[in-house]
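As structure tokens, the structure follows; a few thoughts come after it.
The values are calculated or read from the model by the stated rules, or taken from the named source; none is laboratory data. From a predicted model like this one, the values you see are computed outputs, not experimental measurements. Here Cβ is always computed from backbone atoms with ideal geometry, including for glycine, and neighbour counts include all displayed protein chains.
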Amino acid sequence: MLPTNGTEHLQATATRIADTAASMAAVIDCHRRLPNQVLTELAVSGLLRAGAPIETDGLELDPGTSLRCAETIARGNASVGWCVSIATASSLLQAYMPESSRTTFFGNGIGVAAGVWAPRGRAQRVPGGVKVTGRWQFCSGVNHSGMFFGGCIVDEGPEHSVVAIPVADLEIIDTWHTLGLRGTGSDDAVAADVFVPADRVLSLTEGPVINRALYRFPIFGYFACSIAAAALGNARAAIDGFIGLAATKKAGGSSRTLAERQTVQGAVAAAEAALRSARALFYQAIENAWAASQADALTADDRVQLRLAATHSVRTATDVVRTVYDLAGASAIYDDAPLQRHLRDAFTASAHFQVSDTSFESTGRILVHRPANAATL
């Protein structure tokens, strides 16, 4: 755990990065990548490696601190906040690597990782490792990463592994032409019969090599939370942006500003309450799971509450953005309108399977005492 002054320094750094990202929003969307200036500031901050272990000079931040930093950055630009939180989740996998490969690729504070853990690849065992072929979609941040963690089925059997492949060994296909989160550059990654040594074939179900609190924290739950952090930051920016607009906009020939209308006041109050409530639930669930991880006493209920909070936060954030977008009227429909970008980013984030409406089913199954595998939450 960082000392208070360390946490405050990171939050101040995140705020400065958010300001930079906000000033470059149009460039980020146009180029569908993070600009070099933003990447340089992120590299200096260490936040793209916030989950990396101290053995590789990573920050090894507790989940609450790292996700609050990502949320802050997402207030400036959701694509940048998303890339930070997703990279942090990927950096956790360093703790699942044996020391040899971990040090080679991530030692001395170097190396940023991207990843898609769903088993979109096929691996065949060969002497010394596996040969991997596959295509992974939605590889956020892959264009500024050196390592890729890709989910694989090994030998066509039930075993689900994750392989660590240098991005230089992959073909990156420019597919990311999307409604929102355009700056994440979440292109496809293709492996064609790539050899991966055995010390870079990992199991997320067998547990980490480094047995400390951060790596006992539910890794799939962390991934869902990384999506929620970006969504919460984006929604916060949408409300704040609308309040600024409402102070001056007069619609339909009215002599009153939007802020002076009772219907607008009530709708903003409801949106504010919904967002604050979801955010409070989110960070409380994180703190509860973190305390249990520190005590090595995680329960199925900790995992359930974490996933519930992440999904609820994303769904609520999307509703909140839609509310203020509608309140803004025609001012929000232009491509250069921040509220239009917030809407596009919100709906793109909510499409992720980890936080879709159907993700409630797996947690709900446990809540009504039906058989389910809580280990994947």
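Can you run down the residue pairs with Cβ atoms below 6 Å, 6 or more apart or on separate chains, where the first is in the range 341-363 and within 18 Å of Phe242 (Cβ to Cβ) and the partner is in a helix (DSSP H, G or I) and β-branched (Val, Ile, Thr)?
Final answer for the pair search is His342/Val321; Leu343/Val321; Ala346/Thr318; Ala346/Val321.
Looking at Ala251, Ala198, Ala246 in this structure, which one is surrounded by 13 or more Cβ atoms within 10 Å (Cβ to Cβ), more than 21 Å from the chain's Cα centre (by Cα) and modelled with pLDDT under 95?
Ala251
Is it the case that Glu99 is surrounded by fewer than 19 Cβ atoms within 10 Å (Cβ to Cβ), among the charged types (D, E, K, R), closer than 24 Å to His160 by Cβ and touching a helix residue (DSSP H, G or I) at 6+ places or on another chain (Cβ under 9 Å)?
Values: surrounded by fewer than 19 Cβ atoms within 10 Å (Cβ to Cβ): yes; among the charged types (D, E, K, R): yes; closer than 24 Å to His160 by Cβ: yes; touching a helix residue (DSSP H, G or I) at 6+ places or on another chain (Cβ under 9 Å): yes.
Considered against the rule, which asks whether it is surrounded by fewer than 19 Cβ atoms within 10 Å (Cβ to Cβ), among the charged types (D, E, K, R), closer than 24 Å to His160 by Cβ and touching a helix residue (DSSP H, G or I) at 6+ places or on another chain (Cβ under 9 Å), Glu99 comes out as yes.
Consider Ala291 carefully, then state whether it is among the small types (Gly, Ala, Ser), assigned to a helix (DSSP H, G or I) and at negative phi. Steps first, please.
Details: among the small types (Gly, Ala, Ser): yes; assigned to a helix (DSSP H, G or I): yes; at negative phi: yes.
Yes: the conditions hold for Ala291.
Residues checked against (1) touching a residue at least 60 places away in the same chain (Cβ under 8 Å); (2) outside any helix (DSSP H, G or I); (3) crowded, with 21+ Cβ neighbours inside 10 Å; (4) touching a Lys or Arg at 6+ places or on another chain (Cβ under 9 Å):
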site	(1), (2), (3), (4)
Arg279	no, no, yes, yes
Ile286	yes, no, yes, no
Ser331	yes, no, no, yes
Leu339	yes, no, yes, no
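Can you find even one residue in the range 289-308 that is farther than 20 Å from Leu204 by Cβ, small (Gly, Ala, Ser) and crowded, with 22+ Cβ neighbours inside 10 Å? Walk me through it before giving the result.
Step one: filter the range 289-308 for residues farther than 20 Å from Leu204 by Cβ, giving 291, 294-295, 297, 301, 305, 308.
Now drop any that are not small (Gly, Ala, Ser), which leaves 291, 295, 297.
Narrowing the set further to residues that are crowded, with 22+ Cβ neighbours inside 10 Å leaves none.
Looking through the range 289-308, none of the residues is farther than 20 Å from Leu204 by Cβ, small (Gly, Ala, Ser) and crowded, with 22+ Cβ neighbours inside 10 Å.
Got a sec? Which of Gly221, Gly183, Gly241, Gly233 is in a helix (DSSP H, G or I) and not assigned by TED's automatic domain parsing to the domain that holds Val304?
Being in a helix (DSSP H, G or I) and not assigned by TED's automatic domain parsing to the domain that holds Val304 holds for just one of Gly221, Gly183, Gly241, Gly233, which is Gly183.
Take the conditions modelled with pLDDT of 95 or more, of a type in the set (D, E, K, R), in a helix (DSSP H, G or I) and surrounded by fewer than 22 Cβ atoms within 10 Å (Cβ to Cβ) and apply them to Asp326. Does it pass?
Yes: the conditions hold for Asp326.
Is it true that some residue in the range 352-360 is touching a Gly at 6+ places or on another chain (Cβ under 7 Å) and on the phi < 0 side of the Ramachandran plot?
no
Among what's in the range 103-146 and is in a helix (DSSP H, G or I) and either in contact with a Ser or Thr (Cβ under 6 Å, 6 or more places away or on another chain) or among the hydrophobic types (A, V, I, L, M, F, W, C) (or both), pick the residue that is farthest from Asp193 (Cα to Cα). Talk me through it step by step, then tell me what you get.
To start, the set of residues in the range 103-146 that are in a helix (DSSP H, G or I) comprises 103-109, 142-144.
Then drop every residue that is not either in contact with a Ser or Thr (Cβ under 6 Å, 6 or more places away or on another chain) or among the hydrophobic types (A, V, I, L, M, F, W, C) (or both), which leaves 105-107, 142.
Numbers: Phe105: 21, Phe106: 24, Gly107: 27, Val142: 19 Å.
Here the answer is Gly107.
Hey, does the range 33-50 have a residue that's part of a loop (DSSP other than H, G, I, E, B), closer than 30 Å to Ser100 by Cβ and more than 19 Å from the chain's Cα centre (by Cα)?
No; the residues of the range 33-50 include none that is part of a loop (DSSP other than H, G, I, E, B), closer than 30 Å to Ser100 by Cβ and more than 19 Å from the chain's Cα centre (by Cα).
Out of Leu170, Leu204, which single residue is modelled with pLDDT under 95, over 30 Å from Pro338 (Cα atoms) and surrounded by 14 or more Cβ atoms within 10 Å (Cβ to Cβ)?
None of the others qualify; the one that does is Leu204.
Check the range 131-139 and report whether any residue there is in contact with a helix residue (DSSP H, G or I) (Cβ under 7 Å, 6 or more places away or on another chain) and buried (at least 19 other Cβ atoms within 10 Å of the Cβ).
Looking through the range 131-139, none of the residues is in contact with a helix residue (DSSP H, G or I) (Cβ under 7 Å, 6 or more places away or on another chain) and buried (at least 19 other Cβ atoms within 10 Å of the Cβ).
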